[in-house]
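The values are calculated or read from the model by the stated rules, or taken from the named source; none is laboratory data. None of these values were measured; they are calculated from a predicted model. Cβ sites come from the backbone with ideal geometry, for glycine too, and all protein chains shown count toward neighbours.
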Amino acid sequence: MGNLRRREELLKPTERKKPVRGGEMKKGRRKAVRVKRPLEKALNRGEKSTIRLLVNGQEHVLRIGKRPDEVDPSHTLTFTLRETLGLTGTKIGCDHGACGACTVLMDGKAVLSCMILTVEAEGKEITTIEGLRDRESGQLDPLQQAFIDHTAFQCGFCTPGMILSAKALLIEKASPGEQDVKEALSGNYCRCISHYHILDAVMSVIRMGGKTDETSI
Ligand code: FES
Ligand code: FES
């Protein structure tokens, strides 16, 4: 109970980010955002038979259809990442835009992939936890390393989403403060109550100017 209370202090309800239609995290009340879907219309009219996804720097051309290796227009981005592309680092918690476990980067911004249809992600650059390490050296991203160094997880289910939300913040802001971090992570829930360790891990990366603390490796 004490832990729960401390967690509530860390993430006050009014500060939590809520998802909006289209998957982007927004602060405050849920807003209705009109999503244009010309691609979906083209799919429904049968004018398009494939879509191109750019995931972790790799292009995938996927056929539209019902077979296991195809993308149904009703598939969410989470489903396609996990089931079609085999990128199971992206987790499904609620599948309803409430927990943040499915967070990925889309054009550098944190989005809830369970709230985005795969067809809406065509032409966007998607980064999942598998694509965060340096593509040439294979070295972990400083945030990944900091989570290990600070043992900022227990079961690890929320960890990919937490790291990608923090990554989006560091892309957006060179030197965010503690409050910025709390706000950026307020849409990500950790059932294991690891929030204080997570905050420590992210702040350590910020203190190091976005780099890994070499002394900790
Ligand atoms: S699985 Fe997407 S927000 Fe919970
Ligand atoms: S470490 Fe288990 S849910 Fe966060």
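Within the stretch 75-94, residues that are over 15 Å from M162 (Cα atoms) sit with their Cβ atoms under 8 Å from residues that are of a type in the set (K, R) and surrounded by fewer than 21 Cβ atoms within 10 Å (Cβ to Cβ), at 6+ positions apart or across chains, in these pairs: T88/R82. For the stretch 139-179, the set of residues classified as touching a strand residue (DSSP E or B) at 6+ places or on another chain (Cβ under 9 Å) and away from ligand 2 (no atom under 16 Å from the Cβ) consists of K167, A168, L169, I171, E172, listed by residue number. Among the residues making up the stretch 172-192, those that are loosely packed, with under 14 Cβ neighbours inside 10 Å and either closer than 15 Å to K109 by Cα or of a type in the set (A, V, I, L, M, F, W, C) (or both) are E172, K173, A174.
Just one of the listed residues (G93, G86) is within 16 Å of ligand 2 (Cβ to nearest atom) and part of a loop (DSSP other than H, G, I, E, B), namely G93.
Here is the figure for the stretch 131-165: residues that are more than 16 Å from ligand 1 (Cβ to nearest atom) and small (G, A, S) total 5. Could you go through the stretch 102-111 and let me know if any residue there is more than 16 Å from ligand 2 (Cβ to nearest atom) and at pLDDT below 95. No; the residues of the stretch 102-111 include none that is more than 16 Å from ligand 2 (Cβ to nearest atom) and at pLDDT below 95.
If we scan the stretch 4-16, do we find a residue that is within 16 Å of ligand 1 (Cβ to nearest atom), modelled with pLDDT under 70 and either under 22 Å from the mean Cα position of the chain (by Cα) or part of a helix (DSSP H, G or I) (or both)?
Within the stretch 4-16 (the criterion being within 16 Å of ligand 1 (Cβ to nearest atom), modelled with pLDDT under 70 and either under 22 Å from the mean Cα position of the chain (by Cα) or part of a helix (DSSP H, G or I) (or both)), the answer is yes, since at least one residue qualifies.
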